[in-house]
1. For a quick check of your reading of the model, give me the residue pairs whose first member lies in the range 194-210 and is assigned to a strand (DSSP E or B), whose second is exposed (fewer than 12 other Cβ atoms within 10 Å of the Cβ), with beta-carbon atoms closer than 7 Å and at least 6 apart or on different chains.
2. Mind listing whichever residues of the range 168-206 are open to solvent by less than 50 Å² (accessible area, probe 1.4 Å) and within 24 Å of Pro118 (Cβ to Cβ)?
3. Scan the range 107-120 for residues that are more than 16 Å from ligand 2 (Cβ to nearest atom) and either buried (at least 18 other Cβ atoms within 10 Å of the Cβ) or under 18 Å from Tyr186 (Cα atoms) (or both) and jot them down.
4. Which numbered condition trips up Thr226, out of (1) open to solvent by less than 20 Å² (accessible area, probe 1.4 Å); (2) within 16 Å of ligand 2 (Cβ to nearest atom); (3) among the hydroxyl-bearing types (Ser, Thr, Tyr)?
5. Of everything in the range 134-143, what is outside any strand (DSSP E or B) and either among the acidic types (Asp, Glu) or touching a Ser or Thr at 6+ places or on another chain (Cβ under 7 Å) (or both)? Give them in sequence order.
6. List the pairs whose first member sits in the range 255-276 and is at pLDDT below 95, whose second member is surrounded by 13 or more Cβ atoms within 10 Å (Cβ to Cβ) and assigned to a loop (DSSP other than H, G, I, E, B), and whose Cβ atoms are under 6 Å apart, counting only residues at least 6 apart or on separate chains?
7. Only one of Arg285, Arg311 is of a type in the set (D, E, K, R), under 15 Å from Ile142 (Cα atoms) and surrounded by 19 or more Cβ atoms within 10 Å (Cβ to Cβ); which?
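The values are calculated or read from the model by the stated rules, or taken from the named source; none is laboratory data. Here the structure is a predicted model, which means the values were calculated and not measured. Cβ sites come from the backbone with ideal geometry, for glycine too, and all protein chains shown count toward neighbours. Side chains are part of the model used for accessible areas, which takes the heavy atoms of the whole protein and leaves out ligands, DNA and RNA. Shrake-Rupley method; radii C 1.70, N 1.55, O 1.52, S 1.80 Å.
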Amino acid sequence: MSQIGTDIRRAADLLRQDQVVAIPTETVYGLAGNALSEKAIAQIYTVKNRPRQNPLIVHISSVDEIEKYAHSIPDAARTLVQKFWPGPLTLLLPKTALVPAGITAGSSLVALRVPAHPLTLALLNELPFPLAAPSANPYGYISPTLPAHVQQQLGDRVPYILDGGSCQKGIESTIVGFEDARPVIYRSGLITPEAIEEVLGTKVVQAESKSTVTPGMSLAHYAPRTPMWLGYELADLPAAISLDKIGYLAYSTPHPMVPRAQQIILSPKASLAQSAQQLYEALHRLDAMQLDCILAEWMPHQDIGQAINDRLRRAAHHIKLK
Ligand code: TXA
Ligand code: MG
């Protein structure tokens, strides 16, 4: 079992010894290790059971650190970090020699972000190295937004979980790179294309779904073990599945037929921000109910609803488009 606590010194000591520690961020919990140590990096991949060709995000303590790990930084990148760091934005930039190849899966680009969580920022300030951290879930499973999620999935392999409470944003950072200095979004998140366009005054493009720049994305799914059906009606489900074995993930109003105890309403007041914050916790809870399937609603496809729908799509085993 992992120890859970708020002892930054203890977390720092373990990290200095090349061990992994689960850390809170505003998006999801990360599985952190010394980003400059090949040994710690190897440990992250082992604990997560993650393929080595899927690179890791490097978490730094402030905007000032960017030059140590990235070069040839476009003006647009500087503008974005001034506006959005600390926060749920990851930038892909040409890496310096300081960044070990093991962290970028051999790519010349490194993913950098300053997370917005006071405990993790304090930890980063205490350490002489940045922290590599993928989400702290076994490869392919639902991302964690509470210490208990990490404990349940990785408790036997992570000595310490730094307890920063429930993650405030709830879904992973927006990943932005640059192609010929033009911004490209590789993973959608709570920093929307519109927000980026407003700050930069230029058009932002969405990466092709088959893009190979972010190797993990094509494979990544954030899925519960219970088969999830997205966008279907109750009547579409196989007849063999009885009503008391169906879970329901709703946006703002319950389903009239499904037993109420098997339903989770993401946001009764119909807030997309609250739905994002609640999404993974809801999936963890539904997955623990021993049901035969989870029926999930699409969120309104506007603003940050697009990023939530992206995660729902990756979590689903069956998808019915609207
Ligand atoms: O919000 C987040 O970004 C969280 C918290 C912990 O910071 N982290 C996170 O990490 O979601 P992870 O490993 O679950 O997802 C990172 C994604 C992967 O799809 C990976 O392929 C991509 O970022 N990535 C990381 N480094 C990259 C690189 N050098 N080049 C291209 N893609 C990269
Ligand atoms: Mg992940």
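1. Within 7 Å, no pair qualifies.
2. First, the residues of the range 168-206 that are open to solvent by less than 50 Å² (accessible area, probe 1.4 Å): 170-178, 183-193, 195-197, 199-200, 204.
Those that are open to solvent by less than 50 Å² (accessible area, probe 1.4 Å) and within 24 Å of Pro118 (Cβ to Cβ): Gly170, Ile171, Glu172, Ser173, Thr174, Ile175, Gly189, Leu190, Ile191, Ala195.
3. Across the range 107-120, the qualifying residues are Ser107, Ser108, Leu109, Val110, Leu112, Val114, Ala116, His117, Leu119, Thr120.
4. Unmet for Thr226, out of (1) open to solvent by less than 20 Å² (accessible area, probe 1.4 Å); (2) within 16 Å of ligand 2 (Cβ to nearest atom); (3) among the hydroxyl-bearing types (Ser, Thr, Tyr): (2).
5. Answer for the range 134-143, where residues must be outside any strand (DSSP E or B) and either among the acidic types (Asp, Glu) or touching a Ser or Thr at 6+ places or on another chain (Cβ under 7 Å) (or both): Asn137, Ser143.
6. Going by the 6 Å Cβ cut-off, there are no qualifying pairs.
7. It is Arg311.
For every residue, the table says whether it meets (1) crowded, with 18+ Cβ neighbours inside 10 Å; (2) farther than 20 Å from Leu321 by Cα; (3) over 29 Å from the mean Cα position of the chain (by Cα).
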site: Val213; (1), (2), (3): no, yes, no
site: Leu230; (1), (2), (3): yes, no, no
site: Ser242; (1), (2), (3): no, yes, yes
site: Ser252; (1), (2), (3): no, no, no
